[in-house]
Amino acid sequence: MKTKVVPCLAVAFFLVFALGLQASAQDKKPIIIGFIHSMSGAMSMYGISSEAGAKIAVEEINAAGGILGRPLKMITRDDKLNPEVGLREAKDLLLSEKADFLTGTISSAVAMAVSNYAKREKKLFFISIAQSTAITEENFHRYVFRIDTNNVPYFGYGPALALAKTHKDKKIISLGFDYECGKNALAMFKEKYFELVPDAKVIDEMWAPLNTTDFTPYITKIANSGAEAFYLACIYGGGELAFTKQAYAFGLYDKMHALQACVGDVETFHKVRPGEPYPKGALTTCRYPFYALADPRNKAFVEKHNKMVGFYPSYGAMNEYLIRYAVKAAAEKVGAFDTEKIITALEGMSIDTFFGKVPIRAYDHQAMMPTWYGFVDFSKEYPFPHIPKPLGMLGEESYHTIDQIKKIRGEK
């Protein structure tokens with residue numbers, strides 16, 4: 001009988017050992033992140049910058065031991081600003097590459113397509129730039145989070161609050177691109193601004209065809225309108241550069257107050273230098289004033305980003321960086337990399353940022369990311385126009401309330 005015990009013990013030992021190796025291998029299996037963004041074309045600066053911010057977080061987290069002992073691996077895909085391409089890449093990342101979660105997107109159309117697919121597959125999707133409120137309001141689901149602002153504080157409530165806290169102008173004229181974003185931006189601006197300055201009015205609403213580059217007739221009308229301020233509704237990128245150049249040459253910035261959202265962010269005006277046309281003295285907002293944040297982690301992040309890609313970081317870069325640390329905190333809180341448990345942990349959690357704790361609202365998975373405001377100028381420290389001295393920071397008051405979202409969703 002003794003001779004039969006030894007082989008049985010050996011087999012048992014081998015099985016325990018093998019199972020241990022298998023469990024150990026599983027513990028060390030990389031956590032795969034699918035990063036989907038516009039890596040080519042007109043918006044590639046956002047994609048390249050956001051990817052850099054994501055890579056910095058991955059490198060830091062891996063150097064510190066990963067998440068629960070597992071390293072992070074990131075796979076980048078170009079959505080080409082096309083919803084069909086973005087959806088195709090999302091499917092490949094989840095089905096072929098076995099990604100554990102997805103992040104990215106600047107196009108709201110791409111973000112919506114990816115979000116719907118993530119819902120079907122029950123996989124986490126974190127939006128880092130795309131602004132459409134529809135994704136987290138009327139089309140909300142459990143698997144989508146936004147670690148970024150949305151278009152309410154971006155073009156609507158944020159600029160309204162900034163103007164109400166500074167000039168309090170009563171007569172405003174608006175100019176926007178003639179499409180949904182522009183119409184929605186102005187509607188949200190008026191809703192909030194008239195609440196704060198009840199005797200104010202928009203004396204004229206002008207709509208330029210999308211991709212307009214000659215703004216001369218609109219600028220002339222603005223200058224002769226008798227308004228105290230003009231507000232740009234969803235005119236950005238190349239359109240805003242063209243408008244600014246023409247308005248500056250006309251002397252419009254010396255004639256009246258200007259309200260141009262998000263000039264304080266680096267993306268649009270980073271190549272403009274002193275002496276060149278810029279939104280002189282315009283009241284603006286900003287989602288990532290890296291030049292004004294004292295946290296040493298911010299300084300280190302900016303230096304790493306510049307070294308990696310050769311230019312200053314966008315707000316998308318910061319958001320991608322924060323997403324990875326938010327996932328790390330949630331996984332470590334629940335003690336497992338489990339999608340459902342991580343979602344529950346993220347709901348209502350406050351994420352650690354370069355400017356303090358920012359809560360993720362459980363109801364719509366919207367991080368209450370702040371918006372800074374102030375006046376555009378140059379400074380000795382940076383060669384591009386920005387907000388040298390931000391006047392304040394707007395938080396939850398610049399977003400839709402839960403009651404407003406319930407109404408949008410048709411809930412009681």
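Here are some notes:
- Residue in segment 75-85 that is touching a Ser or Thr at 6+ places or on another chain (Cβ under 9 Å), within 17 Å of VAL302 (Cα to Cα) and of a type outside the set (Lys, Arg) present: no
- Here LYS299 meets the list (1) open to solvent by 10 Å² or more (accessible area, probe 1.4 Å); (2) touching a Pro at 6+ places or on another chain (Cβ under 9 Å) almost entirely, failing just condition (2).
Residue-by-condition table, conditions (1) hydroxyl-bearing (Ser, Thr, Tyr); (2) without any contact (Cβ under 8 Å) to a residue 12 or more places away in the chain:
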position: PHE215; (1), (2): no, no
position: TYR253; (1), (2): yes, no
position: ALA261; (1), (2): no, no
position: LYS271; (1), (2): no, no
position: GLY275; (1), (2): no, yes
position: PRO279; (1), (2): no, no
position: ALA294; (1), (2): no, yes
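- Comparison of ALA331, ALA326 shows that the only residue that is over 18 Å from the mean Cα position of the chain (by Cα) and either open to solvent by less than 50 Å² (accessible area, probe 1.4 Å) or among the aliphatic types (A, V, I, L, M) (or both) is ALA331.
- In segment 336-350, the condition of being among the acidic types (Asp, Glu), surrounded by fewer than 19 Cβ atoms within 10 Å (Cβ to Cβ), out of contact with any helix residue (DSSP H, G or I) (no Cβ under 8 Å at 6 or more places or on another chain) and part of a helix (DSSP H, G or I) is met by at least one residue.
- Residue check, ALA326 in a helix (DSSP H, G or I), closer than 18 Å to LEU72 by Cβ and touching a strand residue (DSSP E or B) at 6+ places or on another chain (Cβ under 7 Å): yes
- Out of ILE172, ILE127, sole residue that is surrounded by 24 or more Cβ atoms within 10 Å (Cβ to Cβ), in contact with a helix residue (DSSP H, G or I) (Cβ under 6 Å, 6 or more places away or on another chain) and closer than 20 Å to CYS234 by Cβ: ILE127
- The residue that is nearest to VAL152 (Cα to Cα), among those in segment 222-237 that are in contact (Cβ under 8 Å) with a residue 40 or more places away in the chain and open to solvent by 10 Å² or more (accessible area, probe 1.4 Å), is GLY237.
- Among the numbered conditions (1) more than 16 Å from the chain's Cα centre (by Cα); (2) in a loop (DSSP other than H, G, I, E, B); (3) closer than 18 Å to GLY392 by Cβ, the only one that TYR291 does not meet is (2).
- For segment 381-412, the set of residues classified as acidic (Asp, Glu) and either exposed (fewer than 13 other Cβ atoms within 10 Å of the Cβ) or without any contact (Cβ under 8 Å) to a residue 12 or more places away in the chain (or both) consists of GLU381, GLU397, ASP403, GLU411, listed by residue number.
- Of all the residues in segment 130-145, those that are farther than 16 Å from ILE343 by Cβ, touching a residue at least 60 places away in the same chain (Cβ under 8 Å) and either open to solvent by less than 20 Å² (accessible area, probe 1.4 Å) or not in a loop (DSSP other than H, G, I, E, B) (or both) number 2.
- Condition met for THR268 (under 25 Å from ILE129 (Cβ atoms), open to solvent by 20 Å² or more (accessible area, probe 1.4 Å) and touching a Gly at 6+ places or on another chain (Cβ under 8 Å)): yes
- Scanning segment 30-62 for residues that are in a strand (DSSP E or B) and among the hydroxyl-bearing types (Ser, Thr, Tyr) returns no hits.
- In segment 353-365, the residues that are at positive phi form Cβ pairs under 9 Å with partners that are among the aromatic types (Phe, Trp, Tyr) and part of a strand (DSSP E or B), at six or more places apart or across chains, as follows: HIS365/PHE145.
The values are calculated or read from the model by the stated rules, or taken from the named source; none is laboratory data. Because the structure is predicted, anything quoted here is derived from the model rather than measured. Because the Cβ atoms are built from the backbone with ideal geometry, glycine has one as well, and the counts that use them run over all protein chains shown. Ligands, DNA and RNA are stripped out before the accessible areas are found, and what is left, the full protein with its side chains, is counted by its heavy atoms. Shrake-Rupley method; radii C 1.70, N 1.55, O 1.52, S 1.80 Å.
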